[in-house]
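This report refers to the structure that appears directly beneath it.
No lab work stands behind these numbers, since they all come straight from the coordinates. Everything quoted here is computed from the prediction, not taken from an experiment. Note that each Cβ is placed from the backbone with ideal geometry, even for glycine, and that neighbours are counted across all protein chains shown.
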C-alpha cells in the first residue's frame with residue numbers, strides 16, 4: 001500500500017485570479033506605447049470561487065523626481081450580465097516617461113452580504129436572523145470608515161437591520177436601500193487585496209527580449225528539422241510569456257511625445 005502523500009508545503013494558492021491582462025505587447029516582451037494626453041485602456045479577467053462580490057482597481061504611478069504617489073481608478077465588470085469575468089478601466093497619461101501600473105482585486109464583504117440577502121429574500125426565505133445580525137456588524141464597520149452624514153446614515157441603517165423586533169421585510173428593505181448602498185460603496189475597504197502584477201519591463205531597454213528563450217528553430221531540434229524546431233520555439237515562447245505575465249513586478253508603459261510616434 002502506498003503511503004498517503006503529505007500536505008503540500010508553501011502558501012496556499014490565491015483565491016482571486018487575474019489573467020489575460022491588456023495592454024500587453026508580444027506576451028510582455030515589449031512596452032506598450034502611448035502619447036501624452038492619451039488614455040490607457042486596461043482590462044483583465046478577474047474571478048474566484050464562490051458567490052463573493054469582487055472589486056478591482058487599476059493603480060498607476062507616473063515618472064518624476066522623488067517618490068511619486070500611486071493613483072488608482074476603478075475597474076468595471078463589463079460582462080457581468082452574462083456571468084463573464086472581464087473587467088475594464090482606464091487611466092490618463094500626462095507626462096513623458098515610463099509609467100508603472102498594476103491591477104488589484106479583493107472581496108467586497110458588504111456587497112457580498114447584500115447579494116446573499118437579496119437572493120434569499122427573492123427565494124422567499126423568511127428566517128434571516130443570523131444573516132441580518134451579520135449584516136449589522138458589517139454596517140457598523142462601514143459606519144466607522146465613513147464620515148459626516150454618511151456615518152450617521154449608515155449607523156441608522158444598522159440600527160434597523162439589527163432590530164430583531166422589526167419585520168424581516170423592513171430589515172431587508174433597509175439593508176438593500178439604494179441610498180445606503182451608495183453611501184457604503186463610497187467607503188469600501190481594500191483589506192486582503194490580491195495584487196497580481198502583470199507583464200512588462202523590468203529594467204531592460206525597450207525592445208530587448210526576455211532571456212533564456214531559444215530563438216533559433218534549428219537549435220530546438222538539433223539542427224535536423226527547422227519546421228519542428230520552429231513549433232517548439234513557439235511553444236516555449238508562449239510558456240515563457242505566460243510566466244512573465246504572472247511575474248511580481250510592476251508593469252511599465254512608455255509614454256512618448258506625439259511627434260515621436262508620428263515620426
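The distance between label points at residue 156 and residue 20 comes to 4.5 nm (points 7 Å beyond Cα on the Cα→Cβ vector).
Solvent-free Debye calculation, one equal scatterer per alpha-carbon of segment 109-185: log10 I(q)/I(0) at 0.21 Å⁻¹ equals -0.84.
Taken over the alpha carbons of segment 71-140 as equal point scatterers, the Debye sum produces base-10 log I(q)/I(0) values at 0.18, 0.27 Å⁻¹ of -0.88, -1.20. Orientation-averaged projection of segment 1-110 equals 11.8 nm² [convex hull of Cα atoms, one quarter of hull surface area].
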